[in-house]
2 protein chains.
Amino acid sequence: MAGKDIQTEIHIRETAKKIFFKEGRFNATTQEIANEAGVNRALIHYYFRSRDLLFEAVLKDGIDMMHVKIQSIMATDISFREKISRFIDLVTQEALDFPYLETFIITALNEKEQSLILNSFDKIKTEVVDVFAPKVEAEIALGTIEPITATQFMINLLSLCTYPVVSKALIQKVFDLNEEAFRQLILERKEIILNILLKKKAIE
Amino acid sequence: MAGKDIQTEIHIRETAKKIFFKEGRFNATTQEIANEAGVNRALIHYYFRSRDLLFEAVLKDGIDMMHVKIQSIMATDISFREKISRFIDLVTQEALDFPYLETFIITALNEKEQSLILNSFDKIKTEVVDVFAPKVEAEIALGTIEPITATQFMINLLSLCTYPVVSKALIQKVFDLNEEAFRQLILERKEIILNILLKKKAIE
DNA sequence: AAAATATTTAACAAAAATGTTAATCAAAAA
DNA sequence: TTTTTGATTAACATTTTTGTTAAATATTTT
């Protein structure tokens with residue numbers, strides 16, 4: 001519906017991303033996607049050839065979103081603590097916007113060993129291994145964080161930020177939280193995560 | 001194939017669980033499940049009526065597995081630290097055995113607001129809210145852990161243990177790890193997680 | 001062993017989903 | 001304005017998947 005001015009192809013793509021990343025309806029049919037985009041189903045084939053290729057296109061977008069996210073903390077010239085701080089904000093915000101993005105990527109990766117997609121991952125790998133890891137090691141040398149491998153540090157960071165959102169449905173059921181209570185809980189986590197990852201003296 | 005002696009119904013169920021929880025093939029057809037169980041597809045309908053009901057049965061089993069897991073640390077009469085320690089072992093082991101269990105539950109919850117299933121969750125809720133939360137608060141009073149709400153403490157624990165396994169495929173790609181390297185990484189996490197969650201003085 | 005019941009199978013039917021085509025409509029180029 | 005090209009549609013065809021049935025086989029009961 002959004003706009004006839006907008007390119008149909010992009011509009012279909014964005015609708016699919018909404019359905020997959022925001023709503024987590026991974027089994028949505030081409031008909032459902034077309035309906036929600038307000039277009040004829042045949043247009044999906046016209047622009048993407050097949051359901052599978054639309055799926056791939058969306059997956060690639062998803063991985064690129066992750067890449068941008070990770071890159072954005074590496075790029076800017078700010079202190080390590082500030083980097084982590086902004087990263088938490090970013091991941092939290094994106095996770096609230098697209099709670100099913102990671103789950104989608106995980107299940108999709110499992111179904112198809114996409115050749116196309118591997119490039120996107122290489123970019124993330126470079127960013128993480130070549131750019132971020134040395135910075136973590138430098139911080140350990142400075143004594144601002146506990147000795148730990150860069151990999152484990154990254155995993156701690158991602159775990160603490162991402163898991164609660166990935167398992168949103170589960171947490172809401174177990175802890176009996178409505179939408180707003182859940183949102184609050186997630187936002188409260190920033191300070192908690194910073195306290196865990198960075199030494200006290202580095203914070204004060 | 002496993003065994004003709006084994007009850008067919010259970011065998012189908014176990015095969016489905018293997019496909020869903022271990023292999024993460026959430027879109028497996030009834031034909032694929034039947035093939036892998038070595039039975040005629042019609043038997044799935046004979047025992048479960050429909051694909052959907054098999055799906056539900058498996059989901060219920062999955063949630064019960066989570067429940068047992070959580071309950072097992074509450075039940076035994078051991079120190080708080082020991083509880084956490086055993087919990088990490090348990091979650092780690094189960095996560096390595098059934099890496100897609102949580103993801104399955106999350107996506108399934110999203111698709112159907114199962115009425116049957118809600119009971120299973122209530123049991124988990126009781127365990128967590130009524131049994132575990134007071135213990136966390138007691139530990140805070142004792143000064144063995146940092147002041148934090150019981151909910152956030154639980155979420156930290158679950159995040160640090162579960163996320164790396166849930167996002168296994170992702171982590172393996174980003175950090176370029178083969179099966180064994182991944183396994184090692186996960187096992188190394190126990191000490192890291194304990195250090196994060198419990199104060200140093202409580203550990204030594 | 002015969003009868004009754006439960007399990008398993010193959011063959012069929014129905015439904016759901018994807019993919020294709022040719023005709024229509026709209027926009028841009030000639 | 002006609003021609004040409006690109007976008008959109010409806011109608012159809014194919015494939016995939018699920019669900020049903022009645023017959024065949026095995027198992028249990030009498």
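Checking A:Ala169 against (1) among the small types (Gly, Ala, Ser); (2) surrounded by fewer than 20 Cβ atoms within 10 Å (Cβ to Cβ); (3) more than 9 Å from chain B (Cβ to nearest Cβ): exactly one of these is not met. Which one?
(3)
Every residue in the stretch B:39-86 that is among the charged types (D, E, K, R) and within 16 Å of DNA strand C (Cβ to nearest atom), please. Show your work before the answer.
Our first condition is that a residue be among the charged types (D, E, K, R); within the stretch B:39-86, this holds for B:41, B:49, B:51-52, B:56, B:60-61, B:64, B:69, B:77, B:81-83, B:86.
Selection gives B:Arg41, B:Arg49, B:Arg51, B:Asp52.
What residue, of A:Leu197, A:Leu160, A:Leu187, is under 18 Å from B:Lys190 (Cα atoms), more than 7 Å from every other protein chain (Cβ to nearest Cβ) and either aromatic (Phe, Trp, Tyr) or in contact (Cβ under 8 Å) with a residue 24 or more places away in the chain (or both)? It would help to see each step written out before you state the result.
On the way: A:Leu160 fails: more than 7 Å from every other protein chain (Cβ to nearest Cβ); A:Leu187 fails: under 18 Å from B:Lys190 (Cα atoms).
Just a single option satisfies the conditions, and that option is A:Leu197.
Go through the stretch A:26-43 and give me each residue that's away from DNA strand D (no atom under 12 Å from the Cβ) and within 14 Å of chain B (Cβ to nearest Cβ).
If we filter the stretch A:26-43 for residues that are away from DNA strand D (no atom under 12 Å from the Cβ), which is where we start, we get A:26, A:28, A:32-33, A:36.
A:Phe26, A:Ala28, A:Glu32, listed by residue number.
When the stretch A:10-25 is examined, which residues are found to be within 13 Å of DNA strand D (Cβ to nearest atom), surrounded by 14 or more Cβ atoms within 10 Å (Cβ to Cβ) and aliphatic (A, V, I, L, M)?
Within the stretch A:10-25, A:Ile12 is the sole residue that qualifies.
Test each condition in (1) under 20 Å from A:Lys190 (Cα atoms); (2) crowded, with 16+ Cβ neighbours inside 10 Å; (3) of a type in the set (A, V, I, L, M) for A:Val128 and report the one that comes out false.
It fails just one condition, (1).
Out of the stretch A:97-121, which residues are at the interface with chain B (Cβ under 9 Å from one of its Cβ atoms) and acidic (Asp, Glu)?
Matches in the stretch A:97-121: A:Glu102, A:Glu111.
Which residue is least open to solvent (accessible area, probe 1.4 Å), if the candidates are limited to the stretch A:147-157 and must be outside any helix (DSSP H, G or I) and either within 7 Å of chain B (Cβ to nearest Cβ) or in contact with a helix residue (DSSP H, G or I) (Cβ under 7 Å, 6 or more places away or on another chain) (or both)? Give the derivation first.
Initially, the stretch A:147-157 is screened for residues outside any helix (DSSP H, G or I), giving A:147-149.
If we keep only those that are either within 7 Å of chain B (Cβ to nearest Cβ) or in contact with a helix residue (DSSP H, G or I) (Cβ under 7 Å, 6 or more places away or on another chain) (or both) too, we end up with A:147-148.
Details: A:Pro147: 102, A:Ile148: 39 Å².
The selected residue is A:Ile148.
Output the number of residues of the stretch B:44-96 satisfying the condition of being in contact with a Leu (Cβ under 9 Å, 6 or more places away or on another chain), within 14 Å of another protein chain (Cβ to nearest Cβ) and within 16 Å of DNA strand D (Cβ to nearest atom).
Count: 1.
The values are calculated or read from the model by the stated rules, or taken from the named source; none is laboratory data. Everything numeric here is computed off the predicted structure, so don't read it as measured data. As a convention, Cβ positions derive from the backbone with ideal geometry for all residues, glycine included, and neighbour counts pool all protein chains shown. Remember, those area values only see protein heavy atoms, side chains included, never the ligands or the DNA or RNA. Shrake-Rupley method; radii C 1.70, N 1.55, O 1.52, S 1.80 Å.
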